[in-house]
Each structure stands twice: as structure tokens, then as C-alpha cells.
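Since every read-out is calculated from the coordinates, none of them should be taken as a lab result. Model, not experiment: these values are computed from the prediction. Neighbour counts run over all protein chains shown; Cβ positions are idealised from the backbone, glycine included.
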């Protein structure tokens, strides 16, 4: 497997995000439009794409949240290759990159219906925090933080 640091203009990243959005549209149902408005990729300057046998199979990104913190965004692994540790490698690469840029922590939001994602972040030492920003008072949202 190969990890490539890139940006949101990368065609493989764009296509993986389209797959992610299709997946989330089913899971989020009527709430999908609310979440989608906060997931524009044009603001993402730090993205990672994972390749398995030269095929793009996963992605993730971060954006600045404040001077010490980034927000993890657009984490996705193709359903055909889940369970191989790809998402963990992507997340780790994002955390390393954020550390290199002198950020001290990562935050993120995921939906409570996304049980695999919730378990994944807990497994990767993210702790549940009060919902932040646009996710305050959103009952389907679960927010996490990890110190780097």
C-alpha cells in the first residue's frame, strides 16, 4: 500500500469522496443535506489518498480548526478493502502531517449511526468531546478529539 499526500484537486481524492457521499446519503437519510453543507472539499489543502496495487482505495483530509487544532474530514475506505488497516494508516499519516505543521490536536465529527466509524476512532485513541461548532445540539453527531 502507498499513501500520497496531496490536496482536494487530486482526481482520485475527488472520486473517493463521491463514493463517500453516496455511502453517507444512505446512512444519514434525511439529514444528509445538513451534513453535506459542511463537507465542501475545495477548502481542503491537506489530503491523503491510499493506493493498493495502484488503485485508489481510501482517503482522508484535515483542515485548520484553530491555531492549535485541525479537523479531520472526509475519511473513507472502499468497502471492498475494509478491515485491512488502510483507514488507520491514512489517519496516522494525517496526524503526522498535522504534527509536522505544529498542530497539537485533532477533532472530528461522525454520525452516531456510523457505528464502524465510532469504533474506529475510539480504537485510534480519540475521546468523545462535547459537540462543537455547527454540530452543537445535533443529536446524530458525535464529536471526538485526540492530542497529538
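Structural remarks
- Relative exposure of 47, 80, 88, judged by other C-beta atoms within 10 Å (fewest first): 80, 88, 47
- Estimated distance in nm for a label pair at residue 124 and residue 23, the labels positioned 7 Å out from Cα along Cα-to-Cβ: 1.2 nm
- Among beta bridges that DSSP assigns inside the stretch 2-105, antiparallel share in %, nearest 5: 95 percent
- In the set (i) 0.97; (ii) 1.21; (iii) 1.42, the label that goes with Cα Rg over 2.2 N^0.38 Å computed for this structure is (i).
- Within the chain, helix-based [θ] at 222 nm, where runs of 4 or more DSSP H residues each add -39,500 (n - 2.57), nearest 500: -10000 deg cm²/dmol
- 13 Å cut-off, amide nitrogen to a point 7 angstrom out along residue 102 Cα→Cβ, residues in the stretch 47-71: 67-69
- Label point at residue 15 placed 7 Å out along Cα→Cβ; residues across the stretch 61-93 whose backbone nitrogen lies under 20 Å: 61, 74-82, 86-87, 90
- Sequence of 41, 72 once ranked by neighbouring C-beta atoms within 10 Å, starting from the fewest: 41, 72
- Taking 81, 118, 49 in turn, the Gaussian network model of the chain (Cα-Cα springs below 10 Å) assigns the largest fluctuation to 81.
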